[in-house]
Each structure stands twice: as C-alpha cells, then as structure tokens.
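Worksheet for the structure shown next.
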Amino acid sequence: MSLKTQLAEMNRQSKSRLPDETVATMLAATKALSESGIVERAPKMGETLQNFTLPNQLGAQRSLAELRKNGPVVITFYRGGWCPYCNLELHAYQQILPEIKATGATLVAITPELPDESLTTAERHNLQFEVLSDINSEYANQLGLAFTFPAELRPIYTSFGINIEKHNGTGQFDLPLSATFVVDSAGTIIFAAVDADYTLRAEPADVVQVLESLPK
C-alpha cells in the first residue's frame with residue numbers, strides 16, 4: 001500500500017473521531033499556512049540546498065557537505081515522533097531503505113525534536129537511517145521551511161496528550177513543513193516536495209525513481 005493511501009486513510013479516521021469544531025479549527029490553520037506563501041519561498045529544484053551540520057540521535061555531528069561525498073542525499077523533514085503522519089512516513093522510508101541504499105544514496109530525517117526524543121523515535125521504529133536534531137528549527141528557518149505552531153491549536157494537541165515543548169524544548173513551537181529533498185553530489189536539488197498540509201508527504205517510491213534515474 002502506498003504511503004499516500006495510508007496517510008489518506010489515517011486522515012479520514014482521525015476526522016471521523018473528532019468534533020466538527022476541532023476539525024474546522026485544524027483545517028483553518030492549514031489553510032492559513034498554505035495561503036501565507038511559505039511553500040512558494042521554500043527551496044526549489046535546480047537550487048543548491050544550504051549546508052547543515054546537525055547532531056544525530058546519538059549526538060554525532062553530520063553535515064550535508066560530508067554526506068554528499070558518498071553520493072546523493074535524501075533529506076526528509078518531519079514534525080516529531082508525536083505525529084502519527086510522520087511515523088507512517090518514517091516507517092515507509094525504513095521499508096524502502098534497501099532500495100535507496102542500492103542507488104548509492106544516503107537517507108537522513110531532520111526533526112526539531114531534542115536528541116533524546118529523536119533517539120526514542122528511532123528506537124521505537126527500529127530506524128536504520130540517521131535522525132538529525134534541528135534544535136530550535138534553526139536549519140528549517142534558514143531554508144524558510146519553519147513556521148510557528150498556531151496558538152489556537154495548542155490546547156487541541158494538549159487534549160490529544162501531545163506536549164510539543166517536551167519534545168522541542170521549553171518555549172519552542174517552531175515546526176517544519178512537510179518537505180523532502182533529494183540533492184545530488186554537487187548539492188543541487190533534483191527533487192523537491194514541500195506542502196503546508198502535514199497529512200501529505202512525498203511518496204518514497206517516487207524518491208527511489210528519481211535516484212534510479214541518475215547517471216551511474
């Protein structure tokens with residue numbers, strides 16, 4: 001089953017369990033984010049993706065410049081291990097990881113979660129790729145991908161048992177858009193999927209197809 005199908009079914013079930021007023025508030029927040037122009041300002045195909053140096057879930061520093069020396073790099077941003085849509089995406093990438101590696105590419109996921117939280121996510125899903133902590137969403141902000149989680153949604157998420165500050169740090173409510181990039185060994189973006197709707201993600205199979213189309 002495709003990731004798109006799984007996400008759509010999760011979204012359908014989630015809406016069916018929530019009060020209409022809650023769903024309306026959440027949809028309005030997504031619409032406002034979409035209309036803010038943030039997606040249009042995000043990095044695009046043909047551009048050079050800005051370098052990062054971020055700690056992985058074990059505290060080791062990883063940089064895009066170093067990763068590119070081994071070949072193409074797939075970079076996917078996710079909100080946190082508290083997000084069920086993100087967890088579906090991470091699981092889908094884990095399933096397709098052998099195909100990504102077969103192309104000579106490296107996969108990393110970037111999250112604003114603190115390293116201890118990202119380690120928990122990696123262990124819970126038995127992820128065999130690195131999860132990098134973008135503390136305070138500094139890198140996502142540099143790329144223009146970050147937004148501040150709306151105040152009107154915070155009590156709703158608290159009612160779901162989600163404490164974003166526990167994951168990101170006190171006072172930290174910045175989150176990345178749903179975004180996946182593939183950069184070649186020169187750092188040029190050859191695939192970009194960015195969406196203001198967190199229930200929509202790039203299809204991992206499409207990412208593999210892009211990687212397989214690269215000259216050997």
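The values are calculated or read from the model by the stated rules, or taken from the named source; none is laboratory data. Source: prediction; values computed, not measured. Counting neighbours? That spans all protein chains shown, and the Cβs are built from the backbone with ideal geometry, glycine included.
Given the structure, is L3 in contact with a helix residue (DSSP H, G or I) (Cβ under 8 Å, 6 or more places away or on another chain) and within 29 Å of T158 (Cβ to Cβ)?
Considered against the rule, which asks whether it is in contact with a helix residue (DSSP H, G or I) (Cβ under 8 Å, 6 or more places away or on another chain) and within 29 Å of T158 (Cβ to Cβ), L3 comes out as yes.
Residues that are within 17 Å of the chain's Cα centre (by Cα) and modelled with pLDDT of 95 or more: list the helices (runs of 4 or more DSSP H) wholly contained in the stretch 95-159 that include at least 2 such residues.
Filter on the stretch 95-159 gives 138-143.
What number goes with the only condition from (1) within 22 Å of K44 (Cβ to Cβ); (2) in contact with a strand residue (DSSP E or B) (Cβ under 6 Å, 6 or more places away or on another chain) that E130 does not pass?
(1)
Each row is one residue, and each column tells you yes or no for (1) closer than 25 Å to E66 by Cα; (2) in contact with a helix residue (DSSP H, G or I) (Cβ under 6 Å, 6 or more places away or on another chain); (3) acidic (D, E).
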residue	(1), (2), (3)
P98	yes, no, no
A102	yes, no, no
T111	yes, yes, no
A146	yes, yes, no
I164	no, no, no
P176	yes, yes, no
V183	yes, no, no
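Sort through V208, V194 and tell me the only one that's among the aliphatic types (A, V, I, L, M), within 15 Å of the chain's Cα centre (by Cα) and surrounded by 15 or more Cβ atoms within 10 Å (Cβ to Cβ).
Result of the check over V208, V194: V194.
Which residues, counting only those in the stretch 30-61, are in contact (Cβ under 8 Å) with a residue 40 or more places away in the chain, surrounded by fewer than 16 Cβ atoms within 10 Å (Cβ to Cβ) and not in a helix (DSSP H, G or I)?
S36, R41, K44, M45, G46, E47, T48, Q50, N51, L58, G59
When E66 is evaluated against the numbered criteria (1) within 18 Å of the chain's Cα centre (by Cα); (2) more than 22 Å from L114 (Cα to Cα); (3) surrounded by fewer than 18 Cβ atoms within 10 Å (Cβ to Cβ); (4) not aliphatic (A, V, I, L, M), which criterion, by number, is the only one it fails?
Checking E66 against (1) within 18 Å of the chain's Cα centre (by Cα); (2) more than 22 Å from L114 (Cα to Cα); (3) surrounded by fewer than 18 Cβ atoms within 10 Å (Cβ to Cβ); (4) not aliphatic (A, V, I, L, M), the one that fails is (1).
So is G81 in a loop (DSSP other than H, G, I, E, B) and within 27 Å of R154 (Cβ to Cβ) or not?
Judged against the criteria, G81 is a match.
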